[in-house]
C-alpha cells in the first residue's frame with residue numbers, strides 16, 4: 001500500500017526529490033515513513049506544498065502555527081502574479097532599470113558610475129558605454145578608484161566583483177579584487193551587460209559582524225491601495241570571512257531573525273544547507289554577539305524602508321536587501337519574486353500578510369483579479385481547485 005501511495009504522489013509532486021528517498025532520509029522506520037507521507041499528502045492537498053519545501057523546512061517537526069502561515073511556491077506565485085505583474089518585472093530584475101527607477105524617486109542607492117551594454121555601442125553618454133574604450137573613458141573621467149561590478153540580470157549574490165583598486169593603462173585597466181587577485185577590465189567585458197557602482201560602507205555595528213561582506217537586512221514589505229506600506233518580516237544575512245556576498249543560499253553564512261517592532265536580533269543560525277543548520281549565539285568566526293543585540297536607529301530605518309516601498313508601487317509585495325550605513329538604509333537590491341528561505345530564519349510564515357495584501361487589491365479592483373495582473377502563467381500547479389482555494 002505504501003508503495004502505491006508513493007508512486008501516485010511522485011507523479012503529482014512538484015519538488016525535485018524522489019519521495020521514496022526523501023521519506024527515508026527523514027525517518028528510517030516504516031511507520032514513520034507512512035506518517036510522513038500521509039502528512040505531506042494532506043499539506044499538498046491543502047497548500048500545494050512541494051516535497052522540497054516539506055523536506056527543507058522540516059515540516060515533520062513544525063507546529064501548527066508555522067505550517068498554516070508558511071507561504072509555499074505555488075501559493076506565492078498565485079499572489080505575486082497579481083501583486084507584481086509581469087509587465088513590471090524588468091524594473092526589479094534588471095539592476096540598471098531598478099537603479100534608475102529608485103534613484104529618480106529619491107530612494108537611497110549606491111552611486112551608479114557606468115552601465116556597460118554591448119548592444120548599445122553606438123550610444124555615447126556620461127553613464128552608458130558599449131565597448132572597452134567607452135567604459136575606460138567614463139571610469140577614468142570620473143576618477144573612479146574602486147567599485148562594485150555586477151551583471152544586470154543575476155541574483156543571489158552571483159557575478160558580483162568588489163574592486164578595491166583600479167590602475168588605468170593606455171587601452172585597458174588592471175582591477176584588484178577584494179581578495180587581492182588581479183584581472184584586466186577587458187577580461188570582464190563581454191556580451192553580458194554590467195553595472196559599475198560605488199562601494200557601500202556599512203556601519204561599524206554591521207561591519208563587526210563580518211567585515212568582508214556587506215551584511216544586509218532583508219525587509220519584506222507590502223503596499224496597500226490607500227498608499228500604506230507595511231513591513232511584514234525582517235532578517236539579517238551575514239557573510240563568512242573571505243566572502244563579499246551575504247546570500248543565505250550559498251551556505252556557510254549566518255542568518256538571524258530581527259524583531260520587526262524592536263530591532264532585536266534573535267534565533268541566529270549557521271546555515272550550512274538545509275537540515276544542516278546550527279543554532280548559535282555569536283558569530284562563529286568573529287565571535288561578535290548576535291542574539292539580543294539591537295540594530296541601531298531601527299525605528300528610523302523602518303520608516304525609510306516603508307517610504308522605499310511607497311516609491312516603488314510596481315511591486316506591491318517586495319523583498320528588499322538593505323545595507324545599513326551611517327547615512328541610513330541603502331538599497332542593494334529589490335526582489336519582485338523571492339525564495340522562501342527567510343521563513344526558516346524568522347520561524348514563522350508570511351502567507352497571511354501577503355494574502356491580506358492580495359485581497360485588498362482584489363477588492364480595490366472590484367474582485368477582478370485580471371484587472372491588474374496578466375494571468376497566472378508562472379503557476380506550475382494545474383489543480384484548478386487549489387487555485388480556487390488561493391483566490
Given the conditions (1) in a helix (DSSP H, G or I); (2) modelled with pLDDT under 90, report the number of the one that residue 80 does not fulfil.
(2)
Please count how many residues of the range 172-183 are in contact (Cβ under 8 Å) with a residue 12 or more places away in the chain, closer than 14 Å to residue 144 by Cβ and in contact with a helix residue (DSSP H, G or I) (Cβ under 9 Å, 6 or more places away or on another chain).
2
Out of 166, 144, report the one residue that is surrounded by 15 or more Cβ atoms within 10 Å (Cβ to Cβ), in a loop (DSSP other than H, G, I, E, B) and at pLDDT 95 or above.
144
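May I ask you to say which residue of 287, 273, 292, 242 is part of a loop (DSSP other than H, G, I, E, B) and modelled with pLDDT of 95 or more? Talk me through it step by step, then tell me what you get.
On the way: 287 fails: modelled with pLDDT of 95 or more; 273 fails: modelled with pLDDT of 95 or more; 242 fails: modelled with pLDDT of 95 or more.
Every option except 292 fails the conditions.
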Hey, residue 204 hits all of (1) surrounded by 15 or more Cβ atoms within 10 Å (Cβ to Cβ); (2) free of Cβ contacts under 8 Å to residues at least 40 places away in the same chain; (3) within 30 Å of residue 260 (Cα to Cα) but one; which does it fall short on?
(1)
Being within 23 Å of residue 386 (Cα to Cα), assigned to a helix (DSSP H, G or I) and either within 28 Å of the chain's Cα centre (by Cα) or at pLDDT below 65 (or both) is the filter here; which residues of the range 10-48 pass it?
10, 11, 12, 19, 40, 43, 44, 45, 46, 47
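For the range 63-73, enumerate the residues that are crowded, with 17+ Cβ neighbours inside 10 Å and either within 18 Å of residue 347 (Cβ to Cβ) or at pLDDT below 90 (or both). Write out each step before concluding.
Taking the range 63-73 and keeping what is crowded, with 17+ Cβ neighbours inside 10 Å, we get 66-67, 70-73.
Listed by number, the residues that qualify are 66, 67, 70, 71, 72.
Going by the conditions given, is residue 186 in a helix (DSSP H, G or I) and either in contact (Cβ under 8 Å) with a residue 24 or more places away in the chain or farther than 30 Å from residue 218 by Cβ (or both)? Give the derivation first.
On the way: in a helix (DSSP H, G or I): yes; either in contact (Cβ under 8 Å) with a residue 24 or more places away in the chain or farther than 30 Å from residue 218 by Cβ (or both): yes.
Considered against the rule, which asks whether it is in a helix (DSSP H, G or I) and either in contact (Cβ under 8 Å) with a residue 24 or more places away in the chain or farther than 30 Å from residue 218 by Cβ (or both), residue 186 comes out as yes.
The values are calculated or read from the model by the stated rules, or taken from the named source; none is laboratory data. Treat the numbers as computed from the prediction; the structure is a model and nothing was measured. Methodologically, a virtual Cβ is constructed for each residue, glycine included, from the backbone with ideal geometry; neighbour enumeration extends over all protein chains shown.
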